[in-house]
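Here the structure comes first, spelled out in structure tokens, and everything after it is commentary.
Quick note: the coordinates plus some simple rules give every number you see, no bench work behind them. Bear in mind that the values here come from a model prediction, so they are computed numbers and not experimental data. Note that we place each Cβ from the backbone using ideal geometry, even for glycine, and neighbour counts take in every protein chain shown.
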Amino acid sequence: MTQGAARNLLPPLPMPTDNAAMEAEPPKRRWYQFSLRTLLIVVTVIAVLFGLLRLANKVIDDGHNAWLRANGLKDYRELKK
């Protein structure tokens, strides 16, 4: 052996005719795969729906409080008296 030559410790490469891995069926996916864009769209739609729900709740609360004030009540607990 010459002094400057390195010894190859890797196993030999498979023959070009050895393509059994390419002929095998691809593995079946276990989970539904979706893109990041789809995830961002879904999160945005859910956030908008929650925002609309909160807005509707605030409108109802404001109307309820206005009705209480119009009838001379400060709080809903005064209705029970």
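Values for this structure:
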| quantity | calculated |
| --- | --- |
| Label-point separation in nm, VAL59 to LEU10, each point 7 Å along Cα→Cβ | 6.8 |
| Potential lengthening between GLN33 and ALA47 on full extension [0.36 nm per residue; Cα-Cα distance subtracted] | 2.8 nm |
